[in-house]
Amino acid sequence: MTDSTDMVAYYTKRAPTFEDVYEKPERQADLAQLQERVCDALRDHHVLEIACGTGYWTERIAACAASVLATDVSADIIAYARAKDLPPGKVRFAVSDAYKLDVQDTFNACFAGFWWSHVKREDQGPFLARLGKVLQKDSLLVMIDNAFVEDGNLPIARTDQEGNTYQIRTLPDGERFEVVKNFPTDSTLRKKIGPYARDIRIQRLTHYWMLTCRLK
């Protein structure tokens, strides 16, 4: 089994089938609501997207945002996103580590889809601090992620000393990865994000949650 630190290897190998997760019948109603709410929040904003992956959410954000710079640490994964039929001149891509964010453009919003759950608890504060230096003050932050649903998610395999939880993910070829996957409560989210943002609002659906706030 591959070590959990090699998240890039896991998502690179999973990229060809990654978007299959959005085809699950029981999640369609939630996804429709989530897409509408994300688009309403980011409408006409200049958006920095964190960990864009194969571009599923890039494609949807592009329909309503003024512009999108979609970033990911893996050029191989970004190649899948680039192949999508995106609005010309509105979407650009950059290879960038979410923990370093060496982008130079000006943004008034950030979107992170299904990223927060993979950030270890001890790394969340440094990530938010770096994000605050990259974005304009009072910029909008929108995050969406999975809610834990019994029998609807992979089971938690273990919990480490910092409180991070892990799942075992198996690829179609049988290769297994241990992946960080946290499922925070509303109070945990507010406690962690509060020092870096204001106007924190959290909405929960059956399978997903969405958080919006303004960076201090």
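The values are calculated or read from the model by the stated rules, or taken from the named source; none is laboratory data. Predicted model only: the values in this text are computed from it and were never measured. Using ideal geometry, Cβ is built from the backbone for each residue, glycine included, and neighbour counts are taken over all protein chains shown. Ligands, DNA and RNA are stripped out before the accessible areas are found, and what is left, the full protein with its side chains, is counted by its heavy atoms. Shrake-Rupley method; radii C 1.70, N 1.55, O 1.52, S 1.80 Å.
Just check region 15-115 against the gyration tensor rule for me: Cα atoms, a ≥ b ≥ c as the square roots of the eigenvalues, rounded for a/c under 1.5, and otherwise prolate or oblate depending on whether a/b exceeds b/c. Cα axes put region 15-115 in the oblate bin.
Computed over neighbours whose Cβ is under 9 Å from that of Met210, the net charge equals +2, Lys and Arg +1, Asp and Glu -1. Kindly flag which residue pairs out of Lys90/Lys137; Lys84/Lys216; Lys90/Lys120; Lys24/Lys191; Lys13/Lys100 have an alpha-carbon separation exceeding 27 Å in this structure. Beyond 27 Å: Lys84/Lys216; Lys90/Lys120; Lys24/Lys191. Could you tell me which of rounded, prolate or oblate describes region 16-73, using a ≥ b ≥ c as the square roots of the eigenvalues of the alpha-carbon gyration tensor, with rounded for a/c under 1.5 and, failing that, prolate when a/b is larger than b/c and oblate otherwise? It comes out oblate by the Cα gyration axes.
Computed over neighbours whose Cβ is under 13 Å from that of Leu86, the net charge equals +2, Lys and Arg +1, Asp and Glu -1. By the Cα gyration tensor, region 111-201 has an equivalent ellipsoid whose semi-axes, rounded to whole angstrom, run 27, 14, 13 from largest to smallest. What base-10 log of the normalised intensity I(q)/I(0) is obtained for the chain from the Debye formula, alpha carbons as equal point scatterers, at q = 0.08, 0.13, 0.16, 0.17 Å⁻¹? Treating every Cα as an identical point scatterer, log10 I(q)/I(0) equals -0.26, -0.73, -1.18, -1.37. For the chain, Cys52, Cys110, Cys213 stand unpaired, since no other cysteine beta carbon lies under 4.7 Å from theirs.
Return the carbon/sulfur percentage of the accessible area of the chain, one whole number, probe 1.4 Å, all protein chains in place. Could the numbers behind the result be given before it?
Numbers: 4940 of 10430 Å².
After summing per-atom areas, the C and S share lands at 47 percent.
Surface listing: Glu19, Glu36, Glu178 arranged by accessible area from highest to lowest gives Glu36, Glu19, Glu178, probe 1.4 Å. The Cβ shell under 13 Å around Gln161 holds other residues with a net charge of 0, Lys and Arg each +1, Asp and Glu each -1. Taking every protein chain into account, the 1.4 Å probe leaves Arg43 with about 110 Å² of accessible area, to the nearest ten.
How much accessible area per residue does region 1-109 have, counting only protein heavy atoms and a probe of 1.4 Å, in square angstrom? Numbers along the way, then the final one.
Details: 5360 Å² over 109 residues.
The answer is 49 Å² per residue.
With a cut-off of 12 Å on the backbone N, the residues of region 147-164 near the modelled label site 7 Å out from Lys191 along Cα-Cβ are 163. The candidates Tyr11, Tyr22, Tyr196, Tyr80, arranged from most to least accessible area with a 1.4 Å probe in the full protein assembly, appear as Tyr80, Tyr196, Tyr11, Tyr22.
Working from label points 7 Å from Cα in the Cα-to-Cβ sense, the Gln203 to Leu31 distance is 1.8 nm.
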